[in-house]
Amino acid sequence: MVPVRATFEKRRRAKYISHLDLMRCMQRAFRRAGVPIWFTEGFNPHAYLMFPLALSLGYESGCECMDFRIDGDMPMEEAMERLNRVLPPDLQLKSVAAPVRKHTDIAFADYAVVLDCADGTPAEALRRAWDAFIAQPQILVEKKTKRGTAEVDVKEKAQIMETETLESGIRLQLRMPAGTSVNVNPGLLTDAFAVWLPAHEPDVRMGMMHAERLAILCEDGTPFV
Amino acid sequence: MNLFEKIEPLLLRVQKPARYIGGEPGSIMKDKSQIKARFAFCFPDRYDVGMSHLGMKVLYAVINKRPEYWCERVFAPDTDFEALMREQKLPLYALESLEPVRDFDFIGFTLQYELCYTNILNMLDLAGVPVMQRDRGESIAPIVCAGGSCACNPEPLADFIDMFFIGEGEELDLEVMDLYVKMRDAGATRSEFLKAAAQIQGVYVPSLYDVSYNEDGTVKAVTPRDGAPAVVKKRIIENFDACPAPDSFVVPFSEIVHDRAVTEVLRGCLRGCRFCQAGFLYRPFREKTPETICEHSKKLIDNTGYEELSLCSLSTSDHSRIEEMMDGLLTFTENEHINLSLPSLRVDNFSTGLMNRLRRVRSSGLTFAPEAGTQRMRDVINKNVTEEELMRTCRIAFNAGQTSVKLYFMMGLPTETDEDIRGIIELAQRVVDMYYEMNQRPKGKPVQISCSIATFVPKPFTPFEFHPQDTREMIAHKQKVLEEAVAGHKRIRASWHFPDTSILEAVLAKGDRRLCAVIYSAWKRGCIFDAWSEHFRYDLWLEAFAEAGLNVEFYANRPRSYDEVFPWDHIDYYVDKAFLIRENEKAKQAQTTKHCRLSCAGCGVTKVTGHPCFDYTQTSES
């Protein structure tokens, strides 16, 4: 039995596969690919697949991660090739390797977030609004947790690595807490901005948000995979 | 024109966005520049319902097998997405190319249920295609077509559809597409093409027929024009075992109603239950061999990666080699962790051998359909099932550790009395009593019998097509009888619905062309998704009837005489009216008819196939 940690990308149409659906999709892909995945034992055996960090619906990523075990002597490179042949073009494996770090080592994730201008808003105006928004001492948002909702200062949680003015929008690079215990979605910050905007800068209009996960990182800032 | 950029900003604003973006494994992408004709296969209901439909998968595979044709999938958007589509002027698009449906050569609807009709109008409107056939002009594309079981009475949709496909579509669809390409390339107009297509067997072009009415509102005559055939005969696949079944499916990301691999094991039904339209429409009875079924199932599992395989037919246990088939299927499904499920089992031939095979299949409870509570009533409807057989089957199931059984019944059947209604609960109670009398019953577990009671809808091409449906008041009364009968029976749960949807279903099933105006008006008033109780607006439908000067009772509750011209009489499913009349008369006497394997009842289908459906020279098994 060979434990494998694969990375994969999720783009375009595949962005809209929910986390739960992704699990089912991958399990079926293993069967189509003829990759002998290890099944759990017990009364109701099922293909063992583990995704250490869920990705929000609608987010792109080039660095998603999935663990499985090969039950047989198929080389993991061949498993990757076979899987890529039966997976949609927007959902493809990028690498396979033996797992090194533990899931609990995951501490951060980096995201690129692009906020589009809407209704002819100049990019500079959106940038000024963002700068004013982020200059607030605290940005409190309601966060859904397993035990209801909690108030979180999302500004304190987010590290803003870069802010860039684009032709018709702004681009942010954010480092957010991630992992099995704490997980803060960059959408919390941009949603708060979308609420703040009409109240403070009514002439500035924001369009669609594009988000991409760039990296999954450990406590010391090194990549998880 | 790929609409991805327009679709994407809407997706995170709606429920289950994966339904609207395609890209699923198994979906077929083609290079548009190499394509001669494009077919938008439209299912007039939500994605999760439509994606469960085997007929769509069959025709998707058949058309896409031809390199020069491209068939794509289209479903009715849910109301939240529809609102955004209309607000953002996003036209209805197909899930493979994400291109507008109005640019396709064919827009084809499958008609599985009468209460989807308003969705067809809504989808055409969302596509930007004129809803009325007469407004589509002379440009040949898009041709709006429709097929499926409800096409047996196409008249209520006559004003909206260019052509109907009658019968089995595996060959017919391609013949029509071939003719279309030839004529389009020669510069033909829509009406020229429709006239020529009407000459293909199985094609019905409603605009080529004039309908006249008697003073009492019944149909006087249906008269063809421009050389269209007086009677349109359905298509039948001759060699069913060799008929290619789809060896791959589009495997959805999001959960759908039936999310599994499906193999069709037989087509048609030999039982002749008098209420069952499918049992008459899909004649003759044809089987696939266990070898074909196993080989196909294996391929389908390999290509889809599904963890569950289901067998599809009107009555799976009527397969002449079912145990052999089950053994073959179990051999590979058990090795590969595949669950096998078998819907459509009958109680009269449910053997211990079959049960033992089924025990190896993980099952979530058994479902049987006695359809009626008393033997007299079951004889009337020719459901050749005795109480003994039901008891025996339930005992086998209980012995195998099952503690819940689901039973399906109908109310409002011809000749039905309050006794027959009470008989439903009495029958269920006898199953309960039998459970507690068993020595080997699962210890410490109570039994649960769930009875689901539907309102009967008389359908065309059945012996009950002459029968009026029970009125709303009669059904209300019978539901009350049922409620009183079930009171105090702790181990029995009975469920039923308000009859309004069944009444509308009866009207649309047995209606004529004048109902086009009613459907149009109901849709204009906001009726869509009529099959979903949260959307169903019977009050708006009644307004639409009133506006058209028509009434529900004329269509649903009027007994029809044997010599009346029915709106669907010019459509031929090879089941003779004389046979239907014979069967109806026997029903009135509570006389049964043997199933086709025991003896031929002379329905008429052999006139076309040219040979008996079964070999009666050998001793038949029941």
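The values are calculated or read from the model by the stated rules, or taken from the named source; none is laboratory data. Worth saying up front: this structure is predicted, and the values here are computed from it rather than measured. A quick note on method: Cβ atoms are made from the backbone with ideal geometry, for glycine too, and the neighbour counts reach across all protein chains shown.
So which residues in region B:328-353 are in a loop (DSSP other than H, G, I, E, B) and at pLDDT 85 or above?
As a first pass, look at region B:328-353 and keep what is in a loop (DSSP other than H, G, I, E, B): B:336-338, B:342-351.
Hit for region B:328-353 is B:338, nothing else.
For region B:220-237, enumerate the residues that are assigned to a loop (DSSP other than H, G, I, E, B) and free of Cβ contacts under 8 Å to residues at least 40 places away in the same chain. Outline the logic, then answer.
Taking region B:220-237 and keeping what is assigned to a loop (DSSP other than H, G, I, E, B), we get B:225-231, B:234, B:236-237.
Matches in region B:220-237: B:225, B:226, B:227, B:228, B:229.
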Qualifying strands (runs of 3 or more DSSP E) (wholly inside region A:123-225; at least 2 residues being more than 30 Å from residue A:12 (Cβ to Cβ)): A:140-145, A:148-153
Residue within region B:521-542 that is in contact (Cβ under 8 Å) with a residue 40 or more places away in the chain and not in a loop (DSSP other than H, G, I, E, B) present: yes
Which listed residue is among the aromatic types (Phe, Trp, Tyr), over 30 Å from residue A:84 (Cβ atoms) and within 24 Å of the chain's Cα centre (by Cα), from B:75, B:106, B:81, B:41: B:106
Pick from region A:171-209, criterion within 14 Å of chain B (Cβ to nearest Cβ), more than 12 Å from the chain's Cα centre (by Cα) and in contact (Cβ under 8 Å) with a residue 40 or more places away in the chain, ranking: farthest from residue A:51 (Cα to Cα): A:205
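Regarding region B:392-399, can at least one residue be identified that is outside any helix (DSSP H, G or I), touching a residue at least 40 places away in the same chain (Cβ under 8 Å) and crowded, with 17+ Cβ neighbours inside 10 Å?
Within region B:392-399, none of the residues are outside any helix (DSSP H, G or I), touching a residue at least 40 places away in the same chain (Cβ under 8 Å) and crowded, with 17+ Cβ neighbours inside 10 Å.
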Spans of helices (runs of 4 or more DSSP H) in region B:11-93 with at least 3 residues away from chain A (no Cβ under 13 Å): B:54-64, B:79-87
Region B:251-269 - residue that is surrounded by fewer than 21 Cβ atoms within 10 Å (Cβ to Cβ) and of a type in the set (A, V, I, L, M) and, of those, farthest from the other protein chains (Cβ to nearest Cβ): B:257
Search result, residues across region A:114-129 that are within 19 Å of the chain's Cα centre (by Cα) and surrounded by fewer than 20 Cβ atoms within 10 Å (Cβ to Cβ): A:114
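Based on what the data block shows, is residue B:28 closer than 30 Å to residue B:179 by Cβ, touching a helix residue (DSSP H, G or I) at 6+ places or on another chain (Cβ under 6 Å), assigned by TED's automatic domain parsing to the domain that holds residue B:172 and surrounded by fewer than 23 Cβ atoms within 10 Å (Cβ to Cβ)?
Details: closer than 30 Å to residue B:179 by Cβ: yes; touching a helix residue (DSSP H, G or I) at 6+ places or on another chain (Cβ under 6 Å): yes; assigned by TED's automatic domain parsing to the domain that holds residue B:172: yes; surrounded by fewer than 23 Cβ atoms within 10 Å (Cβ to Cβ): yes.
Yes.
When you go through B:180, B:209 one by one, which is the residue that is of a type in the set (Ser, Thr, Tyr) and farther than 19 Å from residue B:66 by Cβ? Can you show your working first?
Details: B:180 fails: farther than 19 Å from residue B:66 by Cβ.
When all the criteria are applied, what remains is B:209.
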In region B:300-309, residue farthest from the chain's Cα centre (by Cα) [restricted to those that are crowded, with 21+ Cβ neighbours inside 10 Å and not in a helix (DSSP H, G or I)]: B:305
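Return the residue satisfying two criteria in turn: it lies in region B:1-10 and is more than 8 Å from chain A (Cβ to nearest Cβ) and touching a Leu at 6+ places or on another chain (Cβ under 6 Å), and of such residues it is farthest from residue A:210 (Cα to Cα).
Within region B:1-10, the subset more than 8 Å from chain A (Cβ to nearest Cβ) is B:1-3, B:5-7, B:10.
Narrowing further to those that are touching a Leu at 6+ places or on another chain (Cβ under 6 Å): B:2-3, B:6, B:10.
Details: B:2: 19, B:3: 17, B:6: 14, B:10: 13 Å.
Residue satisfying both the conditions and the ranking: B:2.
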Residue match in region B:435-445 (condition: surrounded by 16 or more Cβ atoms within 10 Å (Cβ to Cβ) and either modelled with pLDDT of 95 or more or not in a loop (DSSP other than H, G, I, E, B) (or both)): yes
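Within region B:189-198, is even one residue within 28 Å of residue B:267 (Cβ to Cβ) and touching a residue at least 12 places away in the same chain (Cβ under 8 Å)? Working first, answer last.
First, pick out the residues of region B:189-198 that are within 28 Å of residue B:267 (Cβ to Cβ): B:197-198.
From what's left, touching a residue at least 12 places away in the same chain (Cβ under 8 Å): B:197-198.
Looking through region B:189-198, at least one residue is within 28 Å of residue B:267 (Cβ to Cβ) and touching a residue at least 12 places away in the same chain (Cβ under 8 Å).
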Given (1) surrounded by 15 or more Cβ atoms within 10 Å (Cβ to Cβ); (2) touching a Lys or Arg at 6+ places or on another chain (Cβ under 9 Å), number of the condition residue B:456 does not satisfy: (2)
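Determine whether region A:136-152 contains at least one residue that is closer than 28 Å to residue A:181 by Cβ, surrounded by 17 or more Cβ atoms within 10 Å (Cβ to Cβ), touching a residue at least 40 places away in the same chain (Cβ under 8 Å) and away from chain B (no Cβ under 14 Å). First the steps, then the outcome.
First pass over region A:136-152, keeping only residues closer than 28 Å to residue A:181 by Cβ: A:136-152.
Those left that are additionally surrounded by 17 or more Cβ atoms within 10 Å (Cβ to Cβ): A:139, A:141, A:152.
After this cut, where a residue has to be touching a residue at least 40 places away in the same chain (Cβ under 8 Å) as well, the list is A:139, A:141.
Filter once more, keeping what is away from chain B (no Cβ under 14 Å): A:139, A:141.
Yes, the conditions are met somewhere in region A:136-152.
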